[in-house]
Amino acid sequence: MDALQTPRRTVGPIGGPVGERADFEDWVAARSGALLRTAFLLTRDHAAAEDLLQTALTKAWFRWGRIDGDPEPYVRKILVNTYASWWRRKWNGEQPTEEMPEPRPSGHGLEVDRVQTGHDLWDAVGRLPRRQRAVVVLRFFEDLTEAQTARVLDCSVGTVKSQTHRALAKLRIDPSLIEEQS
């Protein structure tokens, strides 16, 4: 190839190079299950988790060519930030009704098996403020370090520690987690 010629890149249907698109699709196929689990633990709703993940992956696609190294921390950060922007909205989708809705069917494959001991950790985690819930999910369910959690949430390690401390303190006094004493 001559010094004046530039290599030609094949562009895919939505603007990205074909090679990058294949890399993105392979990465999504390999990691979407874990990311969907994280989204579910944050939202506690299967449909909302799928929407959250799809939105995060769409945002990641447009930046895919600029991601250096392992894309997972970057995509997790997009996922958590998108979740945070969703819970800042005034409308949360709840509508009061006179009758209780029917219970949600389980078996989506994403819910963690519940132990039939009367303790409902998942409901207790769901009652935490969203920032504390995000810290608990990333630290204890996704097994990230304090530093990794701070990077994902774009905050200091001290904030992660304090939010973790507050969340665990609330979980310790949650009535559904306190054992019945006779």
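Values quoted throughout were computed directly from the atomic coordinates according to the rules given, and no laboratory measurement underlies them. Being a predicted model, the structure only gives us computed values, none of them experimental. Virtual Cβ from ideal backbone geometry, glycine too; neighbours counted across all protein chains shown.
Tabulated data
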| quantity | calculated |
| --- | --- |
| Extension reserve of the residue 173-residue 85 stretch, reckoned as 0.36 nm per residue once the Cα distance is removed | 28.8 nm |
| R0 of 35 Å, Cβ-Cβ distance residue 145-residue 29: FRET efficiency to nearest 0.05 | 0.85 |
| About the Cα centre, charge dipole magnitude for region 15-89 (Lys/Arg +1, Asp/Glu -1 at Cβ), debye | 400 debye |
| Relative contact order, percent, region 15-89 [alpha-carbon distance under 8 Å, six or more residues apart] | 30 percent |
| Neighbour net charge for residue 35 - beta-carbon separation under 12 angstrom, K R +1, D E -1 | +1 |
| Total charge dipole magnitude, region 120-182, about the Cα centre, Cβ charges on Lys, Arg, Asp, Glu only, Debye to nearest 20 | 380 debye |
| Two-site label geometry, residue 54 and residue 166: point separation in nm, points 7 Å out along Cα→Cβ | 3.3 nm |
| Difference of contour (0.36 nm per residue) and Cα-Cα distance, residue 77 to residue 97 | 3.6 nm |
